[in-house]
Amino acid sequence: MYKFLKDSKLCDPKFLFGVATASYQIEGATSVDERCPSIWDTFCAKPGAVYKQHNGDVACDHYHLYQDDVNLIASLGMGAYRLSIAWPRIIKFDGSINQKGLDFYDRVISALEEKNLTIMATLYHWDLPQYLDDEGGWLNRETAYKYAEYVEVVSSYFGDRIDFYATLNEPWCSAFHGYRDGKHAPGITDDRSAFLASHNLLLAHGLAVPILRKNAPSSKHGIVLNFTPAYPANESAKDVADFADEYNHWFIKPIMEGEYPESVYQHYIDVMPTIEDGDMGIINAKIDFLGVNNYSRGVIDQDGQYPNYKEVHLSDVERTHIGWEVYPEGLLKLLTDLNQTYQLPPIYITENGAAVDDQVVDGAVEDEQRCRYYQNHLSSVDQAIRKGVDIRGYFAWSLMDNFEWAEGYKMRFGIVYVDYKTQKRIPKRSALWFKEFLDSRQQ
């Protein structure tokens with residue numbers, strides 16, 4: 001199937017292909033080497049919060065198997081790896097530095113360097129130290145400054161050894177799933193809390209950027225945002241779909257233009273946080289790249305009085321195991337729309353992938369739906385580049401099956417199958433598909 005890409009822009013050797021993971025989802029070893037508990041350790045222990053009360057205590061045991069996993073990434077022909085660094089491994093509850101945590105990531109980075117893999121490190125992928133949540137978490141403005149101190153520690157230690165630093169992963173999910181609908185840690189359900197958390201997360205990002213530039217002047221610095229573009233279910237739903245789409249811009253607009261989307265801000269004015277003098281200038285710090293995460297689209301219809309809306313689940317569409325519609329055309333429209341709306345830095349697709357109900361048969365996993373998903377979404381990336389969007393790389397989510405947050409281990413997104421009982425890794429058909437394509441680029 002990879003042959004359709006033969007004449008695409010993705011065949012350029014400069015176009016970066018990689019795989020992505022996140023610390024809490026794969027590392028395990030949650031009580032090893034003086035790691036502090038995170039909000040996800042706490043959330044997983046809450047009855048009913050996570051599927052079958054699964055947790056990340058062991059996950060993929062990447063903490064001990066990282067060398068095997070790095071070898072696996074290289075064997076698939078990938079040129080890059082996007083990992084995240086766990087804040088609870090780096091800063092202890094008393095504010096002191098945990099050298100054992102730095103040593104672990106030093107080992108991982110050294111292994112990646114030996115394989116000549118480009119390294120993208122996300123500095124916050126949702127695993128806030130529990131001791132900070134005890135002080136209010138992202139509802140406490142001070143957390144943004146604590147984050148800046150943590151970034152200082154990591155970036156001064158690793159410097160330019162990390163090629164790309166991403167400040168935050170999907171702050172929309174941290175704020176709105178964590179503090180508005182309660183689906184994610186810390187499980188709060190309150191509009192005011194969600195908007196306050198979103199502002200403090202953006203402040204944390206803005207505070208981090210100059211620190212990263214100081215400590216890693218040759219690296220690239222940016223942020224990873226998720227987008228689920230809204231489509232109207234019918235002609236009369238166009239206005240509410242446009243309003244819903246403003247939420248896709250809640251984080252990118254202040255980063256790129258120094259202000260929040262006006263229509264959403266005004267609608268929720270009664271629950272908006274106090275914005276201190278200088279905040280928006282800090283948030284508007286120049287970034288070197290934008291990470292774009294996309295999996296699907298949302299089909300939106302009216303739900304009572306404007307701008308209230310609801311998501312409609314169409315019955316005649318293909319869906320992945322997690323229930324998300326397969327809609328590669330949405331990625332093309334998203335990328336071209338963003339490019340037309342903002343003066344963007346280079347884009348990297350930092351997550352894109354599909355959950356499939358994978359089964360091992362005779363030692364192999366034939367994940368045909370995932371192969372088609374990647375093929376069609378990569379075609380959208382290729383088309384976006386041809387339309388003038390500056391896209392420099394693509395990271396598949398995920399390297400391997402892992403702890404999928406509130407879904408626990410029920411959903412498998414990996415291109416590598418993980419047997420959680422034995423920790424055996426089995427490359428799926430999709431992994432071999434990528435390898436065939438990436439090997440063909442060398443010919």
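The values are calculated or read from the model by the stated rules, or taken from the named source; none is laboratory data. Since the structure is predicted, the reported quantities are computational estimates derived from the model, not experimental observations. Glycine gets a Cβ as well: all are built from the backbone with ideal geometry, and neighbour counts include every protein chain shown.
Could you please find all residues in the stretch 247-295 being among the hydroxyl-bearing types (S, T, Y) and crowded, with 20+ Cβ neighbours inside 10 Å? Break it down stepwise before answering.
The initial filter retains those residues of the stretch 247-295 that are among the hydroxyl-bearing types (S, T, Y), namely 247, 260, 263, 265, 268, 274, 295.
Correct list: Y260, Y295.
Are any residues in the stretch 218-232 within 24 Å of the chain's Cα centre (by Cα) and in a strand (DSSP E or B), and if so, which ones? So that I can check it myself, show each step before the final result.
Within the stretch 218-232, the subset within 24 Å of the chain's Cα centre (by Cα) is 218-231.
K220, H221, G222, I223, V224, L225, N226, A230, Y231 - these are the residues of the stretch 218-232 that are within 24 Å of the chain's Cα centre (by Cα) and in a strand (DSSP E or B).
In the stretch 363-403, how many are touching a helix residue (DSSP H, G or I) at 6+ places or on another chain (Cβ under 9 Å) and not in a helix (DSSP H, G or I)?
Qualifying residue count, the stretch 363-403: 16.
State which residue is surrounded by the fewest Cβ atoms within 10 Å (Cβ to Cβ) when the search covers only the stretch 217-246 and only residues that are touching an Asp or Glu at 6+ places or on another chain (Cβ under 6 Å) and small (G, A, S).
S218
Would you say I349 is closer than 20 Å to A396 by Cα, modelled with pLDDT of 95 or more, in a loop (DSSP other than H, G, I, E, B) and among the β-branched types (V, I, T)?
Criteria not met by I349.
Which one is farthest from C36 (Cα to Cα), of the residues in the stretch 112-144 that are in contact with a Gly (Cβ under 9 Å, 6 or more places away or on another chain) and among the hydroxyl-bearing types (S, T, Y)?
So, considering only residues that are in contact with a Gly (Cβ under 9 Å, 6 or more places away or on another chain) and among the hydroxyl-bearing types (S, T, Y), the one farthest from C36 (Cα to Cα) is T118.
Among what's in the stretch 233-268 and is in a loop (DSSP other than H, G, I, E, B) and of a type in the set (A, V, I, L, M, F, W, C), pick the residue that is nearest to the chain's Cα centre (by Cα). Step through it out loud before you land on a result.
Taking the stretch 233-268 and keeping what is in a loop (DSSP other than H, G, I, E, B), we get 233-234, 250-251, 258-261, 268.
Filter again for of a type in the set (A, V, I, L, M, F, W, C), leaving 233, 250-251.
Numbers: A233: 27, W250: 16, F251: 14 Å.
By that ranking, first place goes to F251.
Just to verify a result, which residue in the stretch 145-204, among those that are among the polar types (S, T, N, Q) and assigned to a helix (DSSP H, G or I), is farthest from S219 (Cα to Cα)? I'd like the intermediate steps shown before the answer.
First, pick out the residues of the stretch 145-204 that are among the polar types (S, T, N, Q): 155-156, 167, 169, 174, 189, 193, 198, 200.
If we keep only those that are assigned to a helix (DSSP H, G or I) as well, we get 155-156, 174, 193, 198, 200.
Values: S155: 10, S156: 12, S174: 26, S193: 34, S198: 26, N200: 25 Å.
Top of the filtered list is S193.
Within the stretch 16-44, which residues are closer than 17 Å to I347 by Cα and out of contact with any helix residue (DSSP H, G or I) (no Cβ under 7 Å at 6 or more places or on another chain)?
Result: L16, G18, A20.
What number goes with the only condition from (1) crowded, with 23+ Cβ neighbours inside 10 Å; (2) within 26 Å of N98 (Cβ to Cβ) that K214 does not pass?
Condition (1) is where K214 drops out.
Name the residue, out of D134, D191, that is out of contact with any helix residue (DSSP H, G or I) (no Cβ under 9 Å at 6 or more places or on another chain) and either under 14 Å from W250 (Cβ atoms) or surrounded by fewer than 24 Cβ atoms within 10 Å (Cβ to Cβ) (or both).
Numbers: D191 fails: out of contact with any helix residue (DSSP H, G or I) (no Cβ under 9 Å at 6 or more places or on another chain).
Matching residue, one of D134, D191: D134.
Condition first: of a type in the set (G, A, S), more than 30 Å from F15 (Cα to Cα) and part of a strand (DSSP E or B). Can you find one or more residues in the stretch 37-52 that meet it?
First, pick out the residues of the stretch 37-52 that are of a type in the set (G, A, S): 38, 45, 48-49.
If we keep only those that are more than 30 Å from F15 (Cα to Cα) too, we end up with 38, 45, 48-49.
From the residues that got through so far, the ones that are part of a strand (DSSP E or B) too are 38.
Yes - at least one qualifying residue is present in the stretch 37-52.
Could you please tell me which pairs satisfy a Cβ distance under 7 Å, a separation of 6+ or placement on different chains, a first residue in the stretch 279-292 that is in contact (Cβ under 8 Å) with a residue 60 or more places away in the chain, and a second residue that is assigned to a strand (DSSP E or B) and of a type in the set (K, R)?
As it stands, the answer is D288/K220; F289/K220, since those pairs meet every condition given.
Right, V108: in a loop (DSSP other than H, G, I, E, B) and either free of Cβ contacts under 8 Å to residues at least 12 places away in the same chain or among the β-branched types (V, I, T) (or both) or not? Spell out how you get there, then give the answer.
Working: in a loop (DSSP other than H, G, I, E, B): no; either free of Cβ contacts under 8 Å to residues at least 12 places away in the same chain or among the β-branched types (V, I, T) (or both): yes.
Here the answer is no, as V108 does not meet what is asked.
Does the stretch 310-346 hold any residues that are touching a strand residue (DSSP E or B) at 6+ places or on another chain (Cβ under 9 Å), of a type in the set (A, V, I, L, M) and outside any helix (DSSP H, G or I), and which are they?
If the condition is that a residue be touching a strand residue (DSSP E or B) at 6+ places or on another chain (Cβ under 9 Å), of a type in the set (A, V, I, L, M) and outside any helix (DSSP H, G or I), then V312, L314, V317, V326, L344 are the ones that fit.
On the given criteria, is D127 touching a residue at least 60 places away in the same chain (Cβ under 8 Å), assigned to a loop (DSSP other than H, G, I, E, B) and crowded, with 22+ Cβ neighbours inside 10 Å?
Values: touching a residue at least 60 places away in the same chain (Cβ under 8 Å): yes; assigned to a loop (DSSP other than H, G, I, E, B): yes; crowded, with 22+ Cβ neighbours inside 10 Å: yes.
Judged against the criteria, D127 is a match.
Out of P37, P13, P47, P88, report the one residue that is modelled with pLDDT of 95 or more and over 24 Å from F158 (Cα atoms). Reasoning before the result, please.
Working: P37 fails: over 24 Å from F158 (Cα atoms); P13 fails: modelled with pLDDT of 95 or more; P88 fails: over 24 Å from F158 (Cα atoms).
Testing whether each residue is modelled with pLDDT of 95 or more and over 24 Å from F158 (Cα atoms) leaves just P47.
Hey, among the residues in the stretch 137-174 that are among the polar types (S, T, N, Q) and surrounded by fewer than 21 Cβ atoms within 10 Å (Cβ to Cβ), which one's farthest from I91 (Cα to Cα)? Before you say what the answer is, go through the steps one by one.
Keep residues of the stretch 137-174 that are among the polar types (S, T, N, Q), which gives 140, 143, 155-156, 167, 169, 174.
Going one step further and asking which of them are surrounded by fewer than 21 Cβ atoms within 10 Å (Cβ to Cβ), we end up with 140, 156.
Numbers: N140: 18, S156: 14 Å.
Ranking the qualifying residues of the stretch 137-174, first place goes to N140.
Within the stretch 314-346, restricting attention to residues that are over 19 Å from W250 (Cβ atoms) and acidic (D, E), which residue is surrounded by the most Cβ atoms within 10 Å (Cβ to Cβ)?
E325
Is there any pair with a first residue in the stretch 324-336 that is at pLDDT 95 or above and a second that is surrounded by fewer than 18 Cβ atoms within 10 Å (Cβ to Cβ) and of a type outside the set (A, V, I, L, M, F, W, C) whose Cβ atoms are under 6 Å apart and which are 6 or more apart or on different chains, and what are they?
Close Cβ pairs (under 6 Å, with a partner that is surrounded by fewer than 18 Cβ atoms within 10 Å (Cβ to Cβ) and of a type outside the set (A, V, I, L, M, F, W, C)) amount to E325/R319; V326/E318; P328/N376; T336/K387.
Just the residues that are surrounded by fewer than 23 Cβ atoms within 10 Å (Cβ to Cβ) and either part of a loop (DSSP other than H, G, I, E, B) or without any contact (Cβ under 8 Å) to a residue 12 or more places away in the chain (or both), please, taken from the stretch 412-428.
Y420, K421, T422, Q423, K424, listed by residue number.
Restricting attention to the stretch 12-37, and to residues there that are among the hydrophobic types (A, V, I, L, M, F, W, C) and under 13 Å from I90 (Cα atoms), which single residue is surrounded by the most Cβ atoms within 10 Å (Cβ to Cβ)? So that I can check it myself, show each step before the final result.
Going through the stretch 12-37, the residues among the hydrophobic types (A, V, I, L, M, F, W, C) turn out to be 15-17, 19-20, 22, 26, 29, 32, 36.
Checking which are under 13 Å from I90 (Cα atoms) leaves us with 32, 36.
Values: V32: 14, C36: 22.
The qualifying residue surrounded by the most Cβ atoms within 10 Å (Cβ to Cβ) is C36.
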